[in-house]
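Read through the structure below, which is laid out as structure tokens, and then see the notes.
The values are calculated or read from the model by the stated rules, or taken from the named source; none is laboratory data. Predicted model, so just to flag it, every value in this text is computed and none were measured. Every residue, glycine among them, receives a Cβ derived from its backbone with ideal geometry; neighbour counts consider all protein chains shown.
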Amino acid sequence: MKRKVLALVLAAAFAVAGLSACSPPGNPSAGLGNGWLPDHSMSLSYATQFGVDYYTGGAPSCTQPLLDCEAGEYALITIADGSRYLVVPDGMTAPAGIGKDIVVLQRPINNLYIAATSMMSLFVALDALDSVRFSSIRADGWYVPAAKAAMDSGQILFGGSYSSPDYELIMQSSPSLAIEDGMINHTPEVKTTLQSVGIPVLVAQSSYEPQPLGRTEWIKLVGVLLGKQALADELFQAQAAQLTALAGQANTGKTVAYFYISSAGYVVTRKSGDYIPRMIQLAGGQYVFSNLGDDTATSTVNLEMEQFYATAKDADYIVYNATIGGELASLNDLTALNPLLSDFKAVQNGNVWCTDQDFYQDMTGLGQMITDMHEMLTDPAVPDQLTFLHRLR
């Protein structure tokens, strides 16, 4: 029954977005390289940057419900960058003859070094911070309360930045895994060094997901690592259900500009195909740029203020990315960044909102952020403080 409900929820969400699911990476027919073929694969609704295949090695099929059963099977994770990881259940050993490219991860997977900031929220949601030993940012850089508290108490230690880890400290705890994000590609020698001292590295690709709930669906991958797949699926369903109330509602036609001002004075906004514009669309709005940066590999685009002004001046709403651009206390703080902002329709009408600091660090809240945006666009009596947005006065 739960699966039927989830199918209906996701179908409604796709109807809102006008989108369809994409196949995740991986080549199930290739198997493990030892003659074993997968018994089944994880069902993914939005995520396109990873896939999971399950193996029993010819053992009798599970008779329990699938999500209770998967935790006792071998799970082969395939990431979009081509890397593969075989999660071996506690008490079992890795099968012989598997492909040399496959990294074996033996449960329990613990003492992790997390250098992909947004991934930490997934461990929090799964009540699994006890699996994390090191963070790449200090306590004062966390806006996820549980992560900050764990660092303040010494449960999680600062293990050095992603580009300069404290290898000696990290190695003392023999971590099962280091989880990095795409920034590690700028310092590939760090990944190589971690691997050379026996620490496997998984580079999360969640930031490349084209759908907002594709990012959230990475909680299922963390569930595989920890053997908490049923809980991960339940938490994902809760975020997907946020879209149910929006299904079938007409687009408001209201336009939204989303940006921040860099220290160099550039307007930094999102390219049109990024997940943020898709969130605006799901909320019932229209991103102010229709084809900005679609030929670029990055998710952001730098514009001169005059370029930005020409398109965004008449936007109905402004959402200022305070997570990156810094907190603003008032409209005066915004217009002080550039006097031209005073001419914007949204500024004159009082329709300027800011993201809260925890937004980018909390991948489990993207469904709620879409709901916040929808309230912003449609509710005349919307309060000034929502879950992830607040209005500037």
The strands (runs of 3 or more DSSP E) lying entirely within the stretch 311-393 that contain at least 1 residues which are of a type in the set (S, T, N, Q) are 352-355
Cβ pairs under 7 Å, 6+ apart or interchain, first in the stretch 337-360 and on the phi > 0 side of the Ramachandran plot, second hydrophobic (A, V, I, L, M, F, W, C) and surrounded by 17 or more Cβ atoms within 10 Å (Cβ to Cβ), ordered by first then second residue, are none
Among 329, 312, 346, the single one that is of a type in the set (A, V, I, L, M, F, W, C), outside the structural domain of residue 118 (by TED's automatic domain parsing) and surrounded by fewer than 21 Cβ atoms within 10 Å (Cβ to Cβ) is 329
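If we scan the stretch 126-134, do we find a residue that is over 25 Å from residue 171 (Cβ atoms) and either assigned by TED's automatic domain parsing to the domain that holds residue 179 or more than 20 Å from the chain's Cα centre (by Cα) (or both)?
So in the stretch 126-134, the residues over 25 Å from residue 171 (Cβ atoms) come out as 126-127.
If we keep only those that are either assigned by TED's automatic domain parsing to the domain that holds residue 179 or more than 20 Å from the chain's Cα centre (by Cα) (or both) as well, we get 126-127.
Yes, that holds for at least one residue.
Each row is one residue, and each column tells you yes or no for (1) modelled with pLDDT under 95; (2) buried (at least 20 other Cβ atoms within 10 Å of the Cβ).
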position: 116; (1), (2): yes, yes
position: 133; (1), (2): no, yes
position: 155; (1), (2): no, no
position: 168; (1), (2): no, no
Of the residues in the stretch 40-63 that are more than 28 Å from the chain's Cα centre (by Cα) and within 21 Å of residue 103 (Cβ to Cβ), the one that is modelled with the highest pLDDT is 56
Heads up, the helices (runs of 4 or more DSSP H) in the stretch 184-293 (entirely inside) with at least 1 residues that are more than 20 Å from residue 118 (Cα to Cα) are 188-196, 229-240, 275-282
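State yes or no: is residue 233 at pLDDT 95 or above and acidic (Asp, Glu)? Can you show your working first?
On the way: at pLDDT 95 or above: yes; acidic (Asp, Glu): yes.
Considered against the rule, which asks whether it is at pLDDT 95 or above and acidic (Asp, Glu), residue 233 comes out as yes.
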Per the filter on the stretch 195-217, residues more than 30 Å from residue 281 (Cα to Cα) and in contact (Cβ under 8 Å) with a residue 60 or more places away in the chain are 199, 200, 202
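Out of all the residues in the stretch 294-310, which are in a helix (DSSP H, G or I) and among the charged types (D, E, K, R)?
Within the stretch 294-310, the subset in a helix (DSSP H, G or I) is 305-310.
306 - this is the single residue of the stretch 294-310 that is in a helix (DSSP H, G or I) and among the charged types (D, E, K, R).
Given the options 134, 123, name the one that is touching a strand residue (DSSP E or B) at 6+ places or on another chain (Cβ under 6 Å) and within 18 Å of residue 359 (Cα to Cα). Give the derivation first.
Working: 134 fails: within 18 Å of residue 359 (Cα to Cα).
Within the list 134, 123, the selection yields 123.
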Residue hits (the stretch 245-272; modelled with pLDDT under 90 and buried (at least 17 other Cβ atoms within 10 Å of the Cβ)) are 246
